[in-house]
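Below is one structure, written out as structure tokens, with a few remarks after it.
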């Protein structure tokens, strides 16, 4: 049975070139980058070359990038340090953020008594910009944390507009760019953002590697204490092979961005058309969504909800109901709860997410699998 992977918003397969790069480092450059001998210097060179490579494609300075294990770690560090060290008094976020953000905000509210405001979500899944402006008018020292591309429904935030509004009100802007890094262009020195975060495994790189962008001039305190790695901000020996793999993955993403974006967009359109043709009562969750994420409400009975993913998995087809980080939960998606009528929440919704490795034949197989249910 041929397996079909349509859950690329959860994680992505490694590119062969990335595996080669990582294997080379593992075999030949195993020194500790903090060591002063030739083995260490060689590893340090790979580390800093990777940092420069990433900074080049993202339009920022290499020293503005801090390597982490993933975006969850980076978000925790940035938001906690903003409250503890930058004396932030209020966080503005939304109820459709990733739990890495929402649970960190909840902890900070409980631990430090900071004020938390949630910007309204429009019926199409977009942020209510006018409400954001209204909230920012309060004037307390604020950080705004909103994601660029929603990981469940794919709605897209206008980073430039939101960042400009934040800075007009003297607020810091943290943006979760996990779903968009490697899939759309960035020039961080032209974008009004103070922090972004990323995880390599979302753009065909290895798990366990990520980074934070911290705009020059913003002084955060260390995530934890130990050695002087990452300018003393993130102690611990760096995973050089994973960081090298991450840099290679990102380089390849931007090398073929235009052609892969066109291919994936066409694939998503084909999938949506086939679903609407075979299931006329289907509904699309969210509007103007990102080109690799499609979230649909299926016209199936509630009792079939629990069995859909199981039945598709038995046919070798991988899709999801939403974020992989909460896949074991029986609760309805907190994202869909904000935009889907209550009577539809118990009905089956699927998140189908694509990469350049997918084909139209795989979409046809998905449709056949759903028809069988």
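What follows is calculated from the coordinates using simple rules that are stated; it is not laboratory data. Since this is a predicted model, take the numbers as computed values, not measurements. Positions of Cβ are backbone-derived with ideal geometry, glycine not excepted, and every protein chain shown enters the neighbour counts.
For the reader, a short list of remarks on this structure follows.
- Computed on the range 179-242, with alpha-carbon pairs under 8 angstrom and 6+ residues apart, the relative contact order is 22 percent.
- For peptides 196-208, 96-108, sequence by mean Cβ density within 10 Å, most packed first: 196-208, 96-108
- Pairs of Cα atoms nearer than 8 Å and 6+ residues apart set the relative contact order; for the range 16-254 it is 27 percent.
- The alpha-carbon atoms of the range 222-357 define a convex hull whose volume equals 184 cubic angstrom per residue.
- Relative packing of 214-223, 76-85, which averages over residues the other C-beta atoms within 10 Å, highest first: 76-85, 214-223
- Peptide packing: for 138-147, 155-164, the average count of neighbouring Cβ atoms within 10 Å per residue gives the ranking 138-147, 155-164, highest mean first.
- Computed extension length for residue 32-residue 311: 95.7 nm, one decimal, from 0.36 nm per residue of separation with the Cα-Cα distance subtracted.
- Relative contact order (%) - the range 198-277, alpha-carbon pairs under 8 angstrom, separation at least six: 25 percent
- Taking 0.36 nm per residue of separation and subtracting the Cα-Cα distance, full extension of the segment from residue 287 to residue 99 would add 65.5 nm.
- Restricting attention to the chain, close to 50% of DSSP beta bridges with both partner residues there are antiparallel.
- Translational D in µm²/s for the chain (Stokes-Einstein at 25 °C, 0.890 mPa s, Kirkwood Rh from C-alpha pairs): 113 µm²/s
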